[in-house]
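The values are calculated or read from the model by the stated rules, or taken from the named source; none is laboratory data. What you see is a predicted model, and the numbers here were worked out from it, not measured in a lab. Neighbour counts run over all protein chains shown; Cβ positions are idealised from the backbone, glycine included. Protein only, heavy atoms only, side chains kept; ligands, DNA and RNA dropped before computing areas. Shrake-Rupley method; radii C 1.70, N 1.55, O 1.52, S 1.80 Å.
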Amino acid sequence: MNALLNLLRLSWTQLSRHRVRSLLTVLGVASGMFLYTAVETLQRSLAKATEQSAADTTLVVYRQNRFCPSASRLPEHYADEILRIDGVRDVIPVQIVVNNCGASLDVITFRGVPDDQLAKFAPEIQVIAGSMEEWQKRGDGALVGEVFAQRRGLKPGDRFDGAGVTVTVAGILRSPFPQDNNVAYVKLPFLQRASKAGLGVVTQFNVRVNSGDDLKPVARAIDERFHSDAQPTDTRPEKAFFAETAAELIELIGFTRWLGIGAVLAVTALVANALLLVVRGRVKENAVLRTLGYPGRAIGCLVIGEGGMLGLAGGIAGVGLSAAFLRWQSFTMGNEGQTLAIQPDASVIVTGILAALLLGILASLWPAWQAVMQPIVKNLRG
C-alpha cells in the first residue's frame with residue numbers, strides 16, 4: 001500500500017513539473033467528457049421516458065392515425081364507455097395544446113384536466129409556490145411546472161401567453177416525473193374554449209388499469225369498442241405511446257451516441273499522445289531511476305498513474321461542468337406534444353468520472369510499455 005502511495009506521489013510530482021502541458025491535457029479531457037456527459041444525459045433521459053416496467057398501469061387512448069395533439073379529437077363521452085370495460089380503474093379526459101408539433105428545444109405544453117381529477121392524473125405533484133386553492137378558484141389559473149417556470153421566469157400571479165392561450169400562474173409545482181415539471185396544468189373546460197377545440201372534445205384519455213397484466217387486454221378492448229365509430233382509437237401503454245409518437249426526437253437522440261463515441265476516442269488519443277511525449281522527454285530520468293533500483297514495472301506504473309490522474313482530473317472538471325450547465329439551463333426537447341426533460345442524475349455523473357479514469361489508464365498502457373522497454377545503457381549514453 002505504501003509503495004502504491006509513493007508511486008502516486010511521484011506521478012503527481014512529475015505532472016506538476018510540467019504544469020502547462022498537464023493543464024492543457026486536463027482541459028482537453030474535460031472538453032471531451034463534457035460532450036460525453038451531455039450525450040449520456042440525453043440517452044438516460046430517453047431511457048427513463050420509454051422503458052416500460054411491471055409497475056406501469058397507464059394507457060393512453062389517442063385518435064387513430066393521428067400524432068400531433070391538434071389533430072387528435074375524441075368525444076369526451078367516450079370516457080363513460082371506457083370506464084365500463086373490465087380491468088379499468090380510472091379514466092381521465094385530457095386536452096393538450098402545444099406551440100410546436102415538430103422537434104424543438106422550446107416547447108410550451110398545456111394540459112387541460114377536470115379540476116376534480118388532477119389529483120388522480122398526477123398524484124405525485126407538490127405545489128411549492130402559490131396554492132392549489134388559487135388554481136381551483138380561478139378559471140384561467142395554471143399550475144406551472146418548476147422547470148417550465150424557471151425557464152420562462154414565471155412566479156405566482158404572473159400572466160403569460162403561449163400557443164394562443166393566456167393564463168394566470170396560480171402556483172408552481174414540483175414532480176418526481178420530469179414531464180410534469182415542463183408543462184402547465186389548466187382546467188379542461190377553459191382549455192377547450194381557449195384552444196377553440198370546443199366543449200366535449202378532448203385530445204386523449206389517460207386510462208388507469210388494475211394491474212400491469214391488464215394493459216394489453218384493456219387496450220385491445222378499447223380499440224375494438226370504437227373501431228367502427230367516426231373517431232376510432234389507438235390505445236397504447238403510456239411509455240410505448242411516447243416512444244412511437246416522439247419517433248423523430250428519438251431518432252435525433254440516437255444519432256448523438258456517435259458523438260459520445262467520438263468524444264471517448266478523442267480523450268483516449270489525447271491522453272496517449274501526451275504520455276508518449278512525456279515518456280520520450282524523460283528517457284534519461286527513467287534510465288537513472290532504473291539504475292537506482294526501480295524495477296521496470298514501477299516505471300510503467302508511474303506512467304499509468306500519470307494517465308489515471310490526467311483522466312480523473314479532466315473527468316471531474318468536464319462531467320461537473322456539464323452537469324451544472326444542464327441543470328442551470330433546464331433544457332427540454334419536444335416532439336408531437338411529448339416533452340423530454342434533459343436532466344443529469346447521479347448515475348450519469350458517477351459513470352462519467354469513472355469512464356474518464358478508466359480511459360486515462362487505458363490510454364497510458366502503450367506509453368507505459370514503451371517506458372519499460374527502453375534499454376538502460378543506451379538511454380544513459382543518450
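Observations on the model:
- Residue tally, condition more than 24 Å from GLY315 (Cβ to Cβ) and either open to solvent by 50 Å² or more (accessible area, probe 1.4 Å) or modelled with pLDDT under 70 (or both), over segment 256-288: 8
- Hey, ALA142 assigned to a strand (DSSP E or B), in contact with an Asp or Glu (Cβ under 9 Å, 6 or more places away or on another chain) and either open to solvent by 60 Å² or more (accessible area, probe 1.4 Å) or modelled with pLDDT of 90 or more (or both) or not: no
- Hey, LEU188 out of contact with any Leu (no Cβ under 8 Å at 6 or more places or on another chain) and modelled with pLDDT of 90 or more or not: yes
- Pick from segment 209-249, criterion open to solvent by 40 Å² or more (accessible area, probe 1.4 Å) and within 26 Å of the chain's Cα centre (by Cα), ranking: modelled with the highest pLDDT: GLU238
- Residue among PHE190, PHE177, PHE205 that is open to solvent by less than 10 Å² (accessible area, probe 1.4 Å) and of a type in the set (A, V, I, L, M, F, W, C): PHE205
- Candidate set from segment 61-95 (those that are modelled with pLDDT under 90 and open to solvent by less than 20 Å² (accessible area, probe 1.4 Å)); member that is farthest from ALA184 (Cα to Cα): SER72
- Cβ-Cβ distances below 6 Å connect the following pairs, each with a first residue in segment 29-43 that is over 14 Å from GLY311 (Cα atoms) and in contact (Cβ under 8 Å) with a residue 12 or more places away in the chain, a second residue that is buried (at least 21 other Cβ atoms within 10 Å of the Cβ) and not aliphatic (A, V, I, L, M), and a separation of six or more residues or different chains: THR37/SER322; THR37/GLY352; ALA38/SER322; THR41/PRO344.
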